[in-house]
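The values are calculated or read from the model by the stated rules, or taken from the named source; none is laboratory data. Being a predicted model, the structure only gives us computed values, none of them experimental. In this analysis, Cβ positions are derived from the backbone assuming ideal geometry, glycine residues included, and neighbour counts consider all displayed protein chains.
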Amino acid sequence: MNMTSFLKSRKSTREFKRKNLTENDLSSVRELIGKINEEIKDSNMEVKLYEFGKRIYDSLKGVGGYAGVMIESPHYIALDLKAHGPEEKLSSGYHMEKMVTRLNEMGLGTCWVTINDLDMERMKAIFGEDTGENDYLLAIGYPKPKNPFIHEQFSERLGVEEIAFHETLAKPASMNFLEERGLGDIMFYVRFAPSSKNLQPWRFIIHDNNVELALEELNGEFCYTDAGIAMYYFEELARTQGIKHAWTVDMKPLEVMGKNYMLIGKYEL
Ligand SMILES: Cc1cc2nc3c(=O)[nH]c(=O)nc-3n(C[C@H](O)[C@H](O)[C@H](O)COP(=O)(O)O)c2cc1C
């Protein structure tokens, strides 16, 4: 499936079949994790597969997930962060979401799961002595078939003009302007990226030769993981248009019209 169709239909799976992945699928997941770990080997992170999901689920019931609503799945993937700065969080979002697209190609369902307020002692009891801090897990498994008679709720997305700006965050970019710049599709589809609580904190500022990513502070927080996810999709969508650049990260705080932002970096056009 190409990236635009994938993004438009991308949906979190919150109900999984009560069945483990086949040995064949598990070995493909292990292989994928091996590849991602090879890519991130110089960073302070490691992807780990927890095959015995029931133990993780039982330990995180009432703690993991929004308001303690833990997502039950046969297996979980964790991205173990040995350091916890903004750059590690950006990178964790980027790589975890890359994994989501690959898992989806294998026919597997996924859902990001937020881990709230776990102290290191409890973290080690659940994930093992050598664990770093885990902010999020990925629940994975075979999705339960959907009931065709029940209309599924769609998670609303912001409009293009709410996330794309021209030169400054005070000036929303029109679709016409984006089309002229060849950025219409990228901006249309990047909105379907998942984000924590669906808050969609990413803002793109279009300049003559580059696009800047700004992260809006929402509920007193900068969710760098969400920014990393948007960076991944932006790069993939640009690639479908033949632009094969990568983001350069250079973070700076910014205040515009009473709102706080963190400028994350630039993508050269
Ligand atoms: C960093 C992050 C954390 C998330 N945490 C949870 C969670 O704890 N529980 C949950 O049900 N969904 C979680 N999600 C899924 C988002 O709520 C979901 O992707 C978003 O609302 C869009 O909905 P959709 O995936 O159904 O399109 C999380 C997503 C991200 C990116």
Matching residues, the range 209-221, being charged (D, E, K, R) and touching a residue at least 40 places away in the same chain (Cβ under 8 Å): Glu212, Glu216, Glu217
Residue in the range 58-76 that is nearest to the ligand (Cβ to nearest atom), counting only those that are out of contact with any strand residue (DSSP E or B) (no Cβ under 9 Å at 6 or more places or on another chain) and not in a helix (DSSP H, G or I): Val69
Residue in the range 145-152 that is in the same structural domain as Lys48 (by TED's automatic domain parsing), within 16 Å of the ligand (Cβ to nearest atom) and not aliphatic (A, V, I, L, M) present: no
Unique residue being away from the ligand (no atom under 16 Å from the Cβ) and in contact (Cβ under 8 Å) with a residue 60 or more places away in the chain when the list is Ala173, Ala139, Ala125, Ala164: Ala125
Conditions (1) more than 13 Å from the ligand (Cβ to nearest atom); (2) under 24 Å from Ser12 (Cβ atoms); (3) of a type in the set (Gly, Ala, Ser); (4) in contact with a strand residue (DSSP E or B) (Cβ under 7 Å, 6 or more places away or on another chain): number failed by Gly132: (2)
Residue within the range 185-205 that is more than 26 Å from Lys98 (Cα to Cα), surrounded by fewer than 22 Cβ atoms within 10 Å (Cβ to Cβ) and away from the ligand (no atom under 15 Å from the Cβ) present: no
Which listed residue, of Leu79, Leu49, is part of a strand (DSSP E or B), in contact with a helix residue (DSSP H, G or I) (Cβ under 8 Å, 6 or more places away or on another chain) and more than 16 Å from the ligand (Cβ to nearest atom): Leu49
